[in-house]
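S.K.: The structure follows.
The values are calculated or read from the model by the stated rules, or taken from the named source; none is laboratory data. Everything quoted here is computed from the prediction, not taken from an experiment. Cβ coordinates were reconstructed from backbone atoms using ideal geometry, including for glycine residues, and neighbour counts include every protein chain displayed.
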Amino acid sequence: MTLLIAAVVLLVTIGGVHLLPLRRAAPATATAVWLSALALRALVVLLLSIIVAVAMPSTELVAAASRWCWHLVLPLLPSHLPVDGHRVGHAALALPGLGVLSAAVATAVGLTRATRLVRTALRRASLGSGPAGTVLVGGAEVTLAAAGVVRPQVVVSAGALMSLDDDELAAGLDHERGHIARRHRYVRLLAEFCFALGRLVPMARRALQEVELHLERDADRWALARRHDPVVLASAIRKAAGARHLLTPGFAALSGGDGLALRLGELLEAGERAGQKGSLRKVAFAAAAATAGAAMAAVATTAFVMVPAVLASEVLWGSGPLSSGLLCPP
């Protein structure tokens, strides 16, 4: 019951995040809140799988459904088969937890392969050194990006050198350097991982898109802090819009993410600082969501270590703490 109440509280918290007007909030704050919402989604899925695996075997419904033996269902089979209804029921209840664990492993492997793909694609497409220590690649499209995870580099295409003037190019390059300096690649990796685990919770895709948007806004502000004209940066982003690029956490393009109109609007509002009109109540709510995500992460870590061992003893040997009183009669 405690786990179920915790899952309900987390769902209510997640829903509350979607009611906050974060599109004008400070990018770092908005990113932290939406990332917490993704992490809480993953935690809800984990808690529900634990409830199914740990709490449900002790209920009367599961006990009644698994109170059978093979020699009663199929009389011709030997009566001493070691598999009975309780073992089958416990194995079935373990499937959600095993599915979550499999999804986590598959996502980690997929993200690792994606980072290698970016490195390989960059090595093959490189034409040499570009301006200001960048990597020059071919193509007529306007491409400016921060590519890589371990050793990220700023990438510029030949089309960008032809289409952007000097000021636009400098502003765009500083935007990409902002992604690297602010370590946005690690935030993207964490967001993708949490999304993969919690994608069954409604509106997970939107939360991921919001993280991408606010990371781009944060890089915009990093570039503007280097004394670039906001209108010039907006012009560079508009010219880069529509360019095709790799859709991986290790590749952050200048025009990447949704909410392009919002970014352009902010840049064109010269001198206006976003996110200074939020009330204290909204800030407290966001901090509570982030704190809940951090606190429950410790519970999730313990569950990942303890639950598989309990389930293995139940399924393989029927000697775990959940089997007492539920063995098939001889």
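S.K.: Taking Glu210 as the residue in question, decide whether it is under 17 Å from Arg24 (Cβ atoms), touching a Leu at 6+ places or on another chain (Cβ under 9 Å) and assigned to a helix (DSSP H, G or I). Steps first, please.
M.R.: Numbers: under 17 Å from Arg24 (Cβ atoms): yes; touching a Leu at 6+ places or on another chain (Cβ under 9 Å): yes; assigned to a helix (DSSP H, G or I): yes.
For Glu210, the condition - under 17 Å from Arg24 (Cβ atoms), touching a Leu at 6+ places or on another chain (Cβ under 9 Å) and assigned to a helix (DSSP H, G or I) - is met.
S.K.: Among the hydrophobic types (A, V, I, L, M, F, W, C), without any contact (Cβ under 8 Å) to a residue 40 or more places away in the chain and more than 27 Å from Gly139 (Cα to Cα), is that true of Ala225? Reasoning before the result, please.
M.R.: Working: among the hydrophobic types (A, V, I, L, M, F, W, C): yes; without any contact (Cβ under 8 Å) to a residue 40 or more places away in the chain: yes; more than 27 Å from Gly139 (Cα to Cα): yes.
Judged against the criteria, Ala225 is a match.
S.K.: Would you tally the residues in region 123-163 being surrounded by fewer than 17 Cβ atoms within 10 Å (Cβ to Cβ), out of contact with any helix residue (DSSP H, G or I) (no Cβ under 8 Å at 6 or more places or on another chain) and assigned to a strand (DSSP E or B)?
M.R.: The total comes to 3.
S.K.: Quick test of your reading of the structure: Leu200 fulfils all but one of (1) touching a Lys or Arg at 6+ places or on another chain (Cβ under 9 Å); (2) surrounded by fewer than 23 Cβ atoms within 10 Å (Cβ to Cβ); (3) part of a helix (DSSP H, G or I); (4) hydrophobic (A, V, I, L, M, F, W, C). Name the failing condition by number.
M.R.: With (1) touching a Lys or Arg at 6+ places or on another chain (Cβ under 9 Å); (2) surrounded by fewer than 23 Cβ atoms within 10 Å (Cβ to Cβ); (3) part of a helix (DSSP H, G or I); (4) hydrophobic (A, V, I, L, M, F, W, C) applied to Leu200, the lone miss is (3).
S.K.: What single numbered condition from (1) out of contact with any Lys or Arg (no Cβ under 7 Å at 6 or more places or on another chain); (2) modelled with pLDDT under 90; (3) within 27 Å of Leu268 (Cα to Cα) fails to hold for His228?
M.R.: Only one criterion in (1) out of contact with any Lys or Arg (no Cβ under 7 Å at 6 or more places or on another chain); (2) modelled with pLDDT under 90; (3) within 27 Å of Leu268 (Cα to Cα) is unmet by His228, namely (2).
S.K.: I've got another one for you. Would you mention how many residues in region 164-197 are more than 30 Å from Leu101 (Cβ to Cβ), of a type in the set (D, E, K, R) and not in a helix (DSSP H, G or I)? Before you say what the answer is, go through the steps one by one.
M.R.: So in region 164-197, the residues more than 30 Å from Leu101 (Cβ to Cβ) come out as 164-182.
Among the residues that remain, those that are also of a type in the set (D, E, K, R) are: 165-168, 174, 176-177, 182.
Subset that is not in a helix (DSSP H, G or I): 165, 182.
Going through region 164-197 one residue at a time, the tally reaches 2.
S.K.: A further question follows. Does at least one position in region 84-94 carry a residue that is farther than 15 Å from Ala236 by Cβ, at pLDDT below 90, not in a helix (DSSP H, G or I) and not polar (S, T, N, Q)?
M.R.: Step one: of region 84-94, the residues farther than 15 Å from Ala236 by Cβ are 84-94.
Restricting the remaining residues to those that are at pLDDT below 90 gives 84-94.
Still in the running and not in a helix (DSSP H, G or I): 84.
Applying the additional criterion that residues be not polar (S, T, N, Q) yields 84.
Scanning region 84-94 turns up at least one residue that is farther than 15 Å from Ala236 by Cβ, at pLDDT below 90, not in a helix (DSSP H, G or I) and not polar (S, T, N, Q).
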